[in-house]
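> Right, I'll just put the structure down here and ask away after.
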Amino acid sequence: MGTMQSQTDLPVDESFELLKHLGTGGFAHTWKARVLDEDLVEEYGTDVVAMKIPLNRKKERVLRREVELNANLHYRLKELHSCNLVRYLGFSTFRNQIVMVMEFVADGSLRHRIGEIDRQKPLPLDVAVGIAQETLRGLSVIHRQHVFHRDIKPENILMDGDTPKISDLGIARMLESNELASTTTGTIYYMAPEILGEEGASFSADIWSLAITLYEMVVGRLPFGKLGTPIGTMVDLIRRGELVPACEARHEVPAGLSAILDRALQKDPSRRFSSADEMCEALSHLDQDSDPLEGELAALRGLLSTTRDPDAIEAKYREFIANHPESPRGYQLLGEFYNQCERYTEAIEMFNQGRERSPNDAMLNFDLGMAYQRINRRQKAAQCLKRAMANGLDTSFRRHAETILRLLERK
């Protein structure tokens, strides 16, 4: 870790006292420190902080250059407030070096919770999903401020009790490309395919990294590679390797959660969730004690929202129906798609197949009634709409059904 000056040798005007070494990354040593300067204590709102001290003078020059060239970025970081972000306090000087000062989080990193690579233990599913959701909320905050983290991984998710906090905001942009691929920091395991190629990366790469972390939490291992896998092999696995679905890697993982991970780990960034909010929303609809298909369906609907190719959409819905022939949901979704394409005869066929499995489903009856109405089968349409209302149709759809019924019953 390098030789650190003893506390007795500190200049009398130093603003910080080092208390405990917390770890070393590719860029800096991290220390718990006491703030000795009363003005800084007032500014920070605390007298105990975490401090990033560059590993050497070269790193310190990189950090100094970042301060000079990216003042606006660092101003934005100081303005970020979320219970899921480690509070960034700014830059200061210590022992004639530029240092980065942050909130101190006492309970260690997510890495400590799940174990070192190749020795991980899966977390309870509800705990893992909760950590992922809260981390996504933190990502949403920094993405709205146009901050691309670049280095989401368990080491950079600190735990304040059971609350995850994203740390090292802006640090990754200060690392050189060869350091980003270093197995000593573990970063390579969480890097998105586009970062490792020439495509260029954006916020979607943070979603990939969070999905790798969630996969690790629920399966107990990484989806690509393991400790000691050569860098070149790792790059090839990440860019071209086939993902083993989480539900196959660990049978306790429900299909819905596995489908969400499948989508978040698409090689093509445009096929992933479009935002951290969208992935968080998909996870919020996932209830491990209810129908496991709902999470898979949420992921499927999101995936199809990224394409305008009707043949691809139809094929995906038919694939879902083939995998889950007894579920009425696939027939309903494909029928809705046919309605949108004005393929009403095919829509009616799908809705009727769905009704064979769930005859009193309010939305299936409503959709079927609308399809009949569009081909002027007035009596059939009215029967279906009445059946939908009798079976508890949602209020907003009910008002629409009542309006259509009044029109259908006019002579």
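> Count neighbours as other Cβ atoms within 10 Å of each site's Cβ, and list the GluC sites (Glu not before Pro) in region 77-164 that are DSSP loop with at most 11 such neighbours. Show your work: numbers first, answer last.
Details: sites: GLU79, GLU103, GLU116, GLU134, GLU155; in loops: GLU116.
The qualifying sites are GLU116.
> Given a Förster distance of 22 angstrom, what is the FRET efficiency for THR163 paired with ASP277, based on the Cβ-Cβ distance and rounded to 0.05? Walk me through the numbers on the way to the answer.
On the way: r = 19 Å, r/R0 = 0.85.
Here the calculated transfer efficiency is 0.70.
> For region 365-411 and region 250-267, write down the distance between their C-alpha centroids in whole Å.
Region 365-411 and region 250-267 have Cα centres spaced 37 Å from each other.
> Turning to a different aspect of this structure: Please give the residues of region 326-364, grouped as numeric ranges, whose backbone N is less than 18 Å from a label point set 7 Å along the Cα-to-Cβ vector of HIS285.
Backbone N within reach: 327-338, 340, 362-364.
> List the lysines whose Cα sits under 25 Å from the Cα of LYS380, skipping any in the same chain fewer than 8 residues away.
LYS411
> Determine the alpha carbon to alpha carbon distance for each of LYS165/LYS226; LYS59/LYS153; LYS58/LYS267 and list only those over 30 Å.
Numbers: LYS165/LYS226 25 Å; LYS59/LYS153 22 Å; LYS58/LYS267 35 Å.
Exceeds cut-off: LYS58/LYS267.
> Same structure again: Can you sort TYR190, TYR338 by how many other beta carbons sit within 10 Å, fewest first? The partial results should precede the final answer.
Numbers: TYR190 27, TYR338 22.
So the residues, fewest neighbours to most, are TYR338, TYR190.
Any read-out appearing in this document is the output of simple, stated calculations on the displayed coordinates, not a laboratory observation. This one's a predicted model, so the numbers in the text were calculated from it and none came from an experiment. Positions of Cβ are generated from backbone atoms using ideal geometry, with glycine treated the same way; all protein chains shown enter the neighbour counts.
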